[in-house]
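All remarks here apply to the structure that follows.
The values are calculated or read from the model by the stated rules, or taken from the named source; none is laboratory data. Please read these numbers as outputs of a predicted model, since none were measured by experiment. Don't worry about glycine lacking a Cβ; one is built from the backbone with ideal geometry, like all the others, and counts go over all protein chains shown.
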Amino acid sequence: MNNMSELRAKCKERYEKKLSRPRVVVGLGTCGIASGGDRVMKAIKEEVAAKGLDVDIDFTSCIGMCYREPMVEVAIPGMPSVVYGDIYPDKVPQLLESHVVNKTPVYEWAAIQIPGDATPLEGIDIMEKAPYYEKQVRSVTSRLGRTNPESIEEYIATGGYEAIEKCLKMERQAIIDEIKKSGLRGRGGGGFPTGNKWQFVYNTPGEKKYAVCNADEGDPGAFMDRSVLEGDPHAVMEGMMIAGLAIGADEGYIYCRAEYPLAIRRLNLAIAEAEKHGLLGDNILGSNFSFRIKIKAGAGAFVCGEETALLNSIEGQRGMPRVRPPFPAVKGLWGKPTCLNNVETYANVPNIIRNGADWFAQMGTDKSKGSKVFCLTGKINNTGLAEVPMGITLREIIFNIAGGIQDNKKFKAVQSGGPSGGCIPAEHLDTPIDYDSLAAIGSIMGSGGLVVMDETTCMVDVAKFFLNFTQLESCGKCTPCREGTKRMLELLQKICDGEGELEDIDTLERLAKVIKNSALCGLGQTCPNPILTTLRYFRNEYEAHIVDKRCPAGVCAALLVYVIDAEKCTGCGACLRACPSGAITGEKKQPHSIDVAKCIKCGACITRCKFDAIKKA
Amino acid sequence: MAEYDVTGETHKEQESPAKVVQEKKDPLQEDHRSKQFADLDRVIGRYSRERGQLIRILQKAQEIFGYLPEEVQAYIAEKIDIPVSEVNGVVTFYSLFATEPKGKYTLNICMGTACYVKGAQTLMNALKEELKIDEGETTPDGVFTIKSTRCVGACGLAPILVANEDVHGKISPGEIKKIIQTCRKGESVDNKKH
C-alpha cells in the first residue's frame with residue numbers, strides 16, 4: 001500500500017510539472033484523426049522544431065465537440081488555457097506565433113477557455129458556461145480531452161486507482177451495497193440495476209467467475225463507448241477490477257468491436273502499463289486479490305452486442321444468442337458465473353466508490369440516477385458527445401447543447417436507442433430522458449445515440465433503413481426474427497416503391513407485435529420498434545405513400561418526378577450531358593425538359609445544375 | 001492492422017512450414033506462399049494452446065493472406081483439429097472475414113444511421129458510378145473494392161468514408177473523386193518503387 005501512495009505522489013508531481021510548462025495539445029480521438037488531427041500534429045511538430053519554440057507537444061482524446069474538430073489546446077502557464085476549433089495545418093504557424101510566442105490568443109478561432117486559477121479572458125466562452133457545456137455534467141467524461149489517455153501516470157494523478165485501493169479495504173458485500181445504493185443502472189440500454197446484477201453473481205457459488213465488459217458498441221449513431229475507451233481506458237479497467245473483487249472473479253474480458261482499432265490499441269497499452277505498476281496481475285497492491293484482463297476483438301456482427309451472443313463469440317464460436325435462463329450470472333462464459341456490464345457502466349464505478357453513492361444518487365431522477373453520455377448526430381448544428389444528468393429533456397439536448405437544426409430547417413424526429421429504439425416526434429420533445437419515460441413513448445434509452453432528423457427525412461424510408469439493418473444482422477437462429485424481419489422489409493419496400501396497399505399497414509403492425517413477443521433475443525424483440533413508433537407518430541406519411549403515391553419528404557425515388565423550371569433554366573446543357581438515360585432534351589440556350597418515361601431518377605442532373613432549376617416533385 | 005495481443009509473448013518458431021500448393025509454378029510466388037503458411041503456422045502455434053481462439057487465428061490469417069480462401073480454412077481446421085464446417089461457419093458469420101480477394105484499396109462507405117441521414121446513399125451511388133462497379137465488387141485492375149461498412153463511431157463527422165484504415169469525415173460526392181485520385185497516385189508511386 002505504501003508503494004501506492006509513493007507512486008501517487010510521484011505521478012502528481014510529474015503531472016503538476018507538466019502543467020507548469022507551456023503546452024500545445026492536439027485532440028487525437030478517432031474523430032480528431034478523421035478530421036486531420038494527425039496532420040495538424042505533424043505541422044505543429046515541424047513548426048516548433050523550425051522555430052525552436054520552448055513548448056511541449058502533447059495529445060489528448062475527444063473533448064466532445066466533434067463539430068469543431070480538429071481541436072488544439074494552447075496552455076501557457078499563468079493564462080487561461082484556450083481550446084481552438086477547426087485548426088487545420090495552414091493555421092498552425094499563425095496560432096503558434098500569436099499564442100505561444102506573443103502570448104496573444106487568436107480570438108476568432110477559439111472555441112472555449114479553461115481559466116483554472118488565471119483571470120478569464122474577455123470574449124471567449126468559459127467551458128462550463130459555453131452553450132455546449134452549460135447543461136452538461138462531466139463525470140464519466142471528466143478526463144476526456146483533458147488528460148493524455150496513454151499515460152497511466154496522469155490517470156493516477158487525477159484520482160485514478162483510488163477506488164480500487166479503497167475497495168481492497170472493504171467487505172465484498174459492502175462494495176455491492178454501495179453500488180446498489182447509488183442506483184446505477186446498466187448504461188448499455190437495458191437499464192438493469194447494476195448492484196443487483198453483481199449480487200446475483202456474488203450469490204452464485206463457484207470457484208471460477210468472470211467479469212466481462214461489453215464494448216461491442218454496434219448501434220449506428222452511438223460512439224460514447226469508443227470515446228470513453230479511447231479517452232479513459234483505465235477507468236473502465238478499474239471498474240472491472242472492482243466488479244471482479246466484489247463478485248469474486250480473477251479474470252476479465254473486454255469484448256471490443258474490431259471497427260475501433262484505436263480503442264483496442266489504447267486498451268492494450270493501458271493493460272500493459274497497469275501490469276507494470278502491479279495494478280493488474282497477482283496480489284494487486286499487496287492484497288490477496290488477483291485480476292487479469294484480456295481483450296477480445298470482434299469480427300463484425302451486430303448481434304454480438306447481445307450478452308449471450310457476446311459470450312459465444314468470446315469462446316470463438318458463431319455469435320448466436322443462447323436461450324435464457326440460465327442467465328450469464330449463473331451460467332456465462334465457459335459455463336461459469338459471469339458479470340457482464342457495458343463500458344459506460346464500468347466507467348461510472350470508480351467515481352461512485354470515490355465520491356460515494358449519495359453523490360451519484362443526487363444526480364438524475366427518482367428511478368434513473370446519475371448522468372448519461374449521449375452522442376448527438378444527424379441534422380443538428382453541433383454534433384458530438386455530451387454527458388448530461390438524467391431527467392434533462394430532449395428539447396434541452398437538441399436545441400441548447402446541439403444548437404438546433406441545421407440550415408434552420410424544421411425538426412421532425414429524434415431517433416434514440418439505435419435499431420432497437422424508436423423515432424420520437426416534436427410533441428414529445430419535453431419528455432425527460434430517463435429509462436422509464438422513454439419506454440412510455442415507445443422508444444428506449446438504448447446506449448445513448450441520438451440521431452436528429454429534419455423535414456427532408458422520410459420516416460418510411462428510415463423505418464426501411466433500420467429493418468434493412470436488422471434483417472442483415474439477424475443471426476438466423478430463431479424464426480420470428482429471421483423470417484419476420486425479411487417480410488417486414490419487403491412490405492416497407494413495397495410501400496416506398498409506391499405499390500403499397502392500406503392493408504399492408506395492418507399486416508406490418510400485426511407482424512411487428514408477433515416478432516416482439518416471440519423472438520429469442522433483444523435484437524429480435526426490439527427490431528420492430530422503429531416501425532411501431534413511425535406508425536404511431538407518422539402514420540400520415542405511410543398513408544401519403546400508399547394513397548396519394550407521394551413521398552412528402554421527397555426521398556423515395558419511385559414516387560418522385562424530376563422537372564425543370566423553365567424560368568430558371570438557361571439551357572446550358574450541363575444536365576443534358578450528365579443524364580445517363582438520355583431523358584433530357586432541349587436546344588442550346590433554350591429551357592430543357594425531362595421525359596418522365598425515360599428518367600431513371602438518379603439525380604445526376606440536380607447535382608450538375610448550377611441554376612437550381614431542377615426540382616423533385 | 002491493429003495488434004491485438006495483450007501478452008506480448010515472444011513468437012515461438014514452429015518446426016515445418018506448410019506444403020505449398022502444387023499447381024503454382026512461379027518460384028517467386030511459391031516462395032511467397034510458403035512464407036505465408038509458415039507465418040500461419042506460427043500464429044496457430046501461438047494461439048491454439050488457449051481455448052476459444054478460433055476467431056483470433058482467423059483474424060491473423062486474414063492479415064497474412066488478405067482474405068480467407070477455402071484452402072486456408074481447411075488448413076486451419078486440420079491444424080487445430082476441428083471440423084472445417086465449424087471454421088467455415090465462423091468465417092461466414094462475421095462480416096469482417098472475406099472469402100474473396102479484395103482490391104488494393106477498400107473504399108468503405110459507412111451506412112450507419114447518422115451517415116445515412118446525412119446522405120451516405122448518395123455517396124455510395126457516386127462511388128459506384130465513378131468506379132463503374134457495384135457494392136462488394138472489385139475493379140478489374142484490382143485496385144479498388146467498394147463496400148459498405150458498419151458504423152465506425154465517428155458519427156459527429158458524418159458522412160464517413162473509410163479508405164483501408166483511414167477515416168475521412170464530412171465527405172461530399174466531389175471529394176470522392178479526389179480520394180480516388182489520391183489512391184491512384186499512391187498506386188503509381190508504389191509502382192515506381194519496384
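Please give the number of the condition residue A:16 fails out of (1) more than 14 Å from chain B (Cβ to nearest Cβ); (2) under 30 Å from residue A:374 (Cβ atoms); (3) in a helix (DSSP H, G or I). Of (1) more than 14 Å from chain B (Cβ to nearest Cβ); (2) under 30 Å from residue A:374 (Cβ atoms); (3) in a helix (DSSP H, G or I), only one is false for residue A:16: (2). The residues of segment A:155-174 that are touching a Phe, Trp or Tyr at 6+ places or on another chain (Cβ under 8 Å), surrounded by 23 or more Cβ atoms within 10 Å (Cβ to Cβ) and on the phi < 0 side of the Ramachandran plot amount to a single one, A:155. If we scan segment A:426-447, do we find a residue that is within 19 Å of residue A:492 (Cα to Cα), more than 13 Å from every other protein chain (Cβ to nearest Cβ) and not small (Gly, Ala, Ser)? Within segment A:426-447, none of the residues are within 19 Å of residue A:492 (Cα to Cα), more than 13 Å from every other protein chain (Cβ to nearest Cβ) and not small (Gly, Ala, Ser).
Which of the residues spanning segment A:520-560 are touching a Ser or Thr at 6+ places or on another chain (Cβ under 9 Å) and over 30 Å from residue A:320 (Cα atoms)? Those that are touching a Ser or Thr at 6+ places or on another chain (Cβ under 9 Å) and over 30 Å from residue A:320 (Cα atoms): A:541, A:542, A:553, A:554, A:555. Yes or no: segment B:132-139 includes at least one residue that is over 30 Å from residue B:41 (Cβ atoms) and either within 12 Å of chain A (Cβ to nearest Cβ) or crowded, with 23+ Cβ neighbours inside 10 Å (or both). Yes, because at least one residue in segment B:132-139 is over 30 Å from residue B:41 (Cβ atoms) and either within 12 Å of chain A (Cβ to nearest Cβ) or crowded, with 23+ Cβ neighbours inside 10 Å (or both).
Residues that are surrounded by 16 or more Cβ atoms within 10 Å (Cβ to Cβ) and at pLDDT 90 or above within segment A:426-442 comprise A:428, A:429, A:431, A:432, A:433, A:434, A:435, A:437, A:438, A:441, listed in sequence order. The criterion of at least 3 residues that are away from chain B (no Cβ under 13 Å) is met by the following helices (runs of 4 or more DSSP H) wholly inside segment A:199-292: A:233-247. Pairing each residue of segment B:29-44 that is part of a helix (DSSP H, G or I) with any residue that is surrounded by 18 or more Cβ atoms within 10 Å (Cβ to Cβ) and of a type in the set (Lys, Arg), provided the two are 6+ apart or on different chains, yields C-beta distances under 7 Å for B:43/B:60. Of the residues that make up segment A:1-18, is at least one at pLDDT 95 or above and surrounded by 24 or more Cβ atoms within 10 Å (Cβ to Cβ)? Within segment A:1-18 (the criterion being at pLDDT 95 or above and surrounded by 24 or more Cβ atoms within 10 Å (Cβ to Cβ)), the answer is no, since none of the residues qualifies. Within segment B:166-188, no residue that is at positive phi sits with its Cβ atom under 9 Å from a residue that is of a type in the set (D, E, K, R) and exposed (fewer than 14 other Cβ atoms within 10 Å of the Cβ) at 6+ positions apart or across chains. Residues that are of a type in the set (S, T, N, Q) and assigned to a loop (DSSP other than H, G, I, E, B) were ranked within segment A:425-456; the one that is farthest from the chain's Cα centre (by Cα) is A:456. Of the residues making up segment A:249-273, those that are in contact with a Gly (Cβ under 8 Å, 6 or more places away or on another chain), touching a residue at least 12 places away in the same chain (Cβ under 8 Å) and closer than 22 Å to residue A:162 by Cα are A:250, A:251, A:252. The set of residues in segment B:140-153 being in a loop (DSSP other than H, G, I, E, B), within 14 Å of chain A (Cβ to nearest Cβ) and either of a type in the set (S, T, N, Q) or touching a residue at least 40 places away in the same chain (Cβ under 8 Å) (or both) consists of B:150, B:151, B:152. All of (1) surrounded by 24 or more Cβ atoms within 10 Å (Cβ to Cβ); (2) under 23 Å from residue B:47 (Cβ atoms) hold for residue A:317 with one exception: (1). Kindly indicate whether residue A:27 is crowded, with 24+ Cβ neighbours inside 10 Å and touching a residue at least 60 places away in the same chain (Cβ under 8 Å). The answer is yes for residue A:27.
Against the numbered list (1) over 17 Å from residue A:41 (Cβ atoms); (2) modelled with pLDDT of 95 or more; (3) surrounded by fewer than 17 Cβ atoms within 10 Å (Cβ to Cβ), residue A:117 comes up short only at (2).
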